[in-house]
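Student: This is the structure I have questions about; it appears just below.
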Amino acid sequence: MQVLFVAAEGWLSEFSGNQAMRFGNLPQWAIELSNSIKEAVFVSHYLSESRNLPTRDKGKEAYPLPPELLWREPLFDQLIANTYQPGEGICAHVDLMRFEDGIAILSLESSCVMHFSLVEDELSDYREEKAGKNSSSAKIPVLLTEGSLVLMWGEARYFWKHEINRKPGFQKWMGQEIDQRKRTSITLRKLC
Ligand SMILES: O=C(O)CCC(=O)C(=O)O
Ligand SMILES: [Fe+2]
């Protein structure tokens, strides 16, 4: 659905490249997307509380977004829509520190695998404690199908890099190569 809005606004064709960006007041469809994200996170908080699921014991780490981020106003004030042709992806990175914690990425069109890898620096203690000594370079694959929403905050936002390598041979899920077509993503963030 959102991809239609992006196209309808003429965003991507206005730019010579494959990226469109907006700061400050977001377009109505992005406000609605942001409200849907808020609602989905709120429902998931509510369900885990009311069913007394184990998330309670684990504290806020188990939440898709912690309450202090969920209720900030506005939730997001920067939007980037990216289109990627088959084979194009994004190198491993941590999002810039000019953005606050709590980042959302909506993945549209082609399915793909996003890989997460620990930042290699003074975090070795953390790495040993959390991931085990031998898994420092392990990449954690996450399958994104059309409409998948990635929410990154806390450790995931600051201590883990994310990347999407769509070169032939890198997009495998359960031993099967995923057919790579055009892909669009919408990233929502809040400036510090
Ligand atoms: O396109 C994506 O799914 C990821 C985009 C991203 O990580 C970024 O813009 O920082
Ligand atoms: Fe990113």
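Where a number appears in this text, it was derived from the coordinates with a stated rule and is not lab data. These figures come from a predicted structure and were not determined experimentally. Backbone-built Cβ (ideal geometry, glycine too); neighbour counts: all protein chains shown.
Student: Any idea how many residues of the range 134-185 are within 29 Å of residue 20 (Cβ to Cβ), assigned to a loop (DSSP other than H, G, I, E, B) and among the small types (Gly, Ala, Ser)?
Tutor: Number satisfying all stated conditions: 3.
Student: With the requirement that a residue be within 8 Å of ligand 1 (Cβ to nearest atom) and either among the β-branched types (Val, Ile, Thr) or within 15 Å of residue 145 (Cα to Cα) (or both), what does the range 70-83 give you?
Tutor: 80
Student: Tell me, which residue of the range 90-107 that is of a type outside the set (A, V, I, L, M, F, W, C) and within 8 Å of ligand 1 (Cβ to nearest atom) is farthest from the chain's Cα centre (by Cα)?
Tutor: Filtering first and then ranking leaves 93.
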